[in-house]
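So the structure is just underneath, and the comments pick up after that.
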Amino acid sequence: MSYERQCVAAVQTLSGDVRRCDREAVAGDPGYLTLIPICSWHVDKARRHFAAPLHDELDELKRQAAEHECDGDKAVAAHLEERHEHIEARTKRYKARAVAYFIRCGEYVKIGASASPLYRLDTIRRTGGVLAPRGLDLSASELINVEPGGFEREKELHIKFAHLREVGEWFRETPELIDYIESLSEAAA
């Protein structure tokens with residue numbers, strides 16, 4: 001099995017060491033994780049962690065609204081439907097505000113997307129990241145640029161710089177990548 005076909009997710013051993021998972025990466029389209037070689041176990045774990053709570057809440061609201069409507073309680077059904085629409089609108093607003101960001105730390109650059117890149121930077125500095133290059137002091141991370149386009153642009157950038165990927169969303173800092181990031185500032189000027 002080649003390196004590119006192995007899961008790059010981090011796992012913690014019983015002794016506390018963190019290493020790559022190295023299970024066989026999934027083929028096909030597991031959603032936003034398509035660009036990162038990851039095994040089916042980690043895909044399921046990520047879906048449960050990130051997407052499932054929101055989708056579960058939306059499904060439960062739909063079920064409750066339908067149940068109350070059948071019982072003739074139109075006011076409760078309308079309230080639940082309104083809550084459902086509010087959650088969907090909030091999700092759309094977040095995605096619309098998102099930008100692709102570039103965070104430098106040591107000899108690596110993280111390419112991600114967030115509606116609040118400064119908050120994301122603070123989180124990385126305080127809590128680190130599971131999928132970061134080994135031995136990287138994330139408290140020294142710095143936001144070096146942002147680019148419009150959010151999550152779609154993040155995917156495009158991951159494809160464009162896939163040959164520089166170290167682990168997860170961290171890429172080796174090379175002249176090619178730095179030139180691209182600097183060109184964003186020049187274009188904005």
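Some observations on this one:
- Going from the residue with the fewest nearby Cβ atoms within 10 Å to the one with the most, 161, 171 rank 161, 171.
- Within segment 99-188, the proportion of C-alpha pairs whose separation exceeds 23 Å stands at 13%.
Read the figures in this text as sums done on the coordinates, not as results from a lab. Only a predicted model underlies this, so the values are computations on that prediction, with no experimental measurement involved. Note that each Cβ is placed from the backbone with ideal geometry, even for glycine, and that neighbours are counted across all protein chains shown.
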